[in-house]
2 protein chains.
Amino acid sequence: MSPKTLNVGLAQQACTSDRDANLAASLNSIRELADHGAQLIVLPELHAHPYFCQIEDPVSFNLAEAIPGPTTHAISAIARELGVVVVASVFERRAPGLYHNTAVVIERDGDVIGTYRKMHIPDDPGYYEKYYFTPGDLGFTPIDTSVGRLGVLVCWDQWFPEAARLMALAGAELLLYPTAIGWNPDEVEEERQRQWEAWIIIQRAHAIANGIPAVVCNRVGFEPDPSGQTPGISFWGTSFIVGPQGEWLATASAEEPATLTAELDLSHSESVRRAWPYLRDRRIDAYGGLLKRYLDR
Amino acid sequence: MSPKTLNVGLAQQACTSDRDANLAASLNSIRELADHGAQLIVLPELHAHPYFCQIEDPVSFNLAEAIPGPTTHAISAIARELGVVVVASVFERRAPGLYHNTAVVIERDGDVIGTYRKMHIPDDPGYYEKYYFTPGDLGFTPIDTSVGRLGVLVCWDQWFPEAARLMALAGAELLLYPTAIGWNPDEVEEERQRQWEAWIIIQRAHAIANGIPAVVCNRVGFEPDPSGQTPGISFWGTSFIVGPQGEWLATASAEEPATLTAELDLSHSESVRRAWPYLRDRRIDAYGGLLKRYLDR
């Protein structure tokens, strides 16, 4: 098989309540990554904002915007200037009272070529996303770009093997996870370690189960809880890129903003799948229960 | 939640062409594990035999036996004597010309209380299982025992998130993987490392995705290819037990037979699932594609 190389980059970013500064940081990182040869660049989840879902505040809906809108306009301009494909993340205002957590894929000519609305929406103390985001209604549909067919998923989706599998079955050539996840700073060290390792393992496992690379872009740094009711969130960074056997290609620190690149050969996935041919052997005749909430007896 | 402790044990075993010696080793390990307090004991895949699937040889079908049969009789006797539940693995002769790779669950009173016929059957050089084993027709059905509801799966199943998920949805309290996997001794070190890590990661990920412990029992040691056409298989051992966050509880070496135990608290899984409630959020309305071979455009 002839190689199909792709230089992929990601921007691990710390975010504040200054939207313009956040966006400027994203644009700077895109420029830096393009300088390093990145053809495809992934930004973290909701990179224009602090992680406002730490509390349920009606005012935060004012952060939402249309697609296309101010954030995508800014990214389209730099994508066109630099000739790179960018996966951005927008708090989407679809209609008055209807909002999504949406990944936007912008082509190297600046066009918004596709969107993915986060399908699995979390909700637990400090992550009140069900208040803000209507679950996605676009399904698990990869987005075709000039650099390949992208399986874009968002954060909480990363815990669901179903999401990665559906993207792979629809021909995704790699998995991309814009993310915002961190620790409760009061948590004991052992539990922090378990959570962090679990998060790494499950995403490496999606690469392995499907024989395609995965790119995970997290935010980093501490963000306080505006209500003061919790100790806030220490976003754990550790953005990473793995190959189709889940093997490490690049990883960022848990403490600092960073840009990261890796050269993928998308044609290598077929060799991996020939060696461990899971797609050949799936028992689709016996998987009906996957469409049930629970298999009560 | 009141604790539901379970002391689980496994016997990482090396196998030869001497069936009686293999079975004696299994029985010795069961006795040793019971002495260490194990209430549930897992044996490797096809532990009474060398891994005969390295070649396609019609004579090997003579190794198959009924369930119940000689192997389960021997294990039933010791299970009853010691009052332990055992997960054994049998080359099942179901009818003339119809054979399965079957895990057998034997209760502490010696009864064969349930079977699981391997659903996903591999086939690649050195692992010619499609020649020997008809794919299972019992589905992904956990087996109720005095120590809990067991999600018994076998080897190649371990690469399929669907299998683990279906067991969890049917109420399995832990996942059990009797296994026979190893390296081609001629493989380069980097590739050996990738394969071995991928195998660990994907099974830890099944625990994580489903919030239940996983017990993996592999064989160990070198077995030659009787045909001499390949360099044989170095089974990589590394049997392990992880908790419901995929956290390490116990692991065996890659080189030697071993017995291994860990104390699980099955009630802990509910706390883990409350913290990271994947079962709450599965998008069963959008998972239809999982029942397809591929989502062609």
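Might you check whether a residue that is within 12 Å of chain B (Cβ to nearest Cβ), in contact with a helix residue (DSSP H, G or I) (Cβ under 7 Å, 6 or more places away or on another chain) and open to solvent by less than 20 Å² (accessible area, probe 1.4 Å) occurs anywhere in segment A:215-224? There is no residue in segment A:215-224 that is within 12 Å of chain B (Cβ to nearest Cβ), in contact with a helix residue (DSSP H, G or I) (Cβ under 7 Å, 6 or more places away or on another chain) and open to solvent by less than 20 Å² (accessible area, probe 1.4 Å).
Of the residues making up segment A:174-191, those that are open to solvent by less than 50 Å² (accessible area, probe 1.4 Å), more than 10 Å from every other protein chain (Cβ to nearest Cβ) and not in a strand (DSSP E or B) number 3. In segment A:277-297, the residues that are facing chain B (nearest Cβ under 7 Å) and under 18 Å from B:Gly151 (Cα atoms) reach residues that are surrounded by 13 or more Cβ atoms within 10 Å (Cβ to Cβ) and small (Gly, Ala, Ser) with C-beta atoms within less than 6 angstrom, at least six apart or across chains, in these pairs: A:Ala286/B:Gly139; A:Leu295/A:Gly289; A:Leu295/B:Ala170. Does segment B:255-264 contain at least one residue that is within 14 Å of chain A (Cβ to nearest Cβ), among the β-branched types (Val, Ile, Thr) and open to solvent by less than 50 Å² (accessible area, probe 1.4 Å)? Among the residues of segment B:255-264, not one is within 14 Å of chain A (Cβ to nearest Cβ), among the β-branched types (Val, Ile, Thr) and open to solvent by less than 50 Å² (accessible area, probe 1.4 Å), which makes the answer no.
Test A:Gly211 against the stated conditions and say whether it is farther than 30 Å from B:Arg117 by Cα, crowded, with 22+ Cβ neighbours inside 10 Å and of a type in the set (Gly, Ala, Ser).
On the way: farther than 30 Å from B:Arg117 by Cα: no; crowded, with 22+ Cβ neighbours inside 10 Å: yes; of a type in the set (Gly, Ala, Ser): yes.
No, not satisfied.
Just to be sure, is A:Glu32 over 30 Å from A:Ser227 (Cα atoms) and not in a strand (DSSP E or B)? Considered against the rule, which asks whether it is over 30 Å from A:Ser227 (Cα atoms) and not in a strand (DSSP E or B), A:Glu32 comes out as yes.
Within segment A:73-86, the set of residues being surrounded by 15 or more Cβ atoms within 10 Å (Cβ to Cβ) and either under 18 Å from A:Ala21 (Cβ atoms) or charged (D, E, K, R) (or both) comprises A:Ala74, A:Ile75, A:Ile78, A:Arg80.
To keep it simple, each residue is scored yes or no on (1) open to solvent by 20 Å² or more (accessible area, probe 1.4 Å); (2) free of Cβ contacts under 8 Å to residues at least 12 places away in the same chain; (3) under 16 Å from the mean Cα position of the chain (by Cα).
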{"site": "A:Ile143", "(1), (2), (3)": "no, no, yes"}
{"site": "A:Gly148", "(1), (2), (3)": "no, no, no"}
{"site": "A:Leu153", "(1), (2), (3)": "no, no, yes"}
{"site": "A:Gly171", "(1), (2), (3)": "no, no, no"}
{"site": "A:Gln195", "(1), (2), (3)": "yes, no, no"}
{"site": "A:Ile202", "(1), (2), (3)": "no, no, yes"}
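Looking at (1) under 13 Å from the mean Cα position of the chain (by Cα); (2) surrounded by 24 or more Cβ atoms within 10 Å (Cβ to Cβ); (3) within 12 Å of chain A (Cβ to nearest Cβ), which is the one condition that is false for B:Gln158? Status for B:Gln158: all satisfied but (2). Filtering segment B:265-276 to residues that are more than 9 Å from chain A (Cβ to nearest Cβ) and basic (Lys, Arg) leaves only B:Arg273. Within segment B:89-122, if we keep just the residues that are surrounded by fewer than 18 Cβ atoms within 10 Å (Cβ to Cβ) and not in a strand (DSSP E or B), the residue that is nearest to the chain's Cα centre (by Cα) turns out to be B:Asp111.
The values are calculated or read from the model by the stated rules, or taken from the named source; none is laboratory data. Predicted model only: the values in this text are computed from it and were never measured. No Cβ is skipped: glycine too gets one built from the backbone with ideal geometry, and neighbour counts run over all protein chains shown. Areas reflect the complete protein model, heavy atoms only, side chains present, ligands, DNA and RNA absent. Shrake-Rupley method; radii C 1.70, N 1.55, O 1.52, S 1.80 Å.
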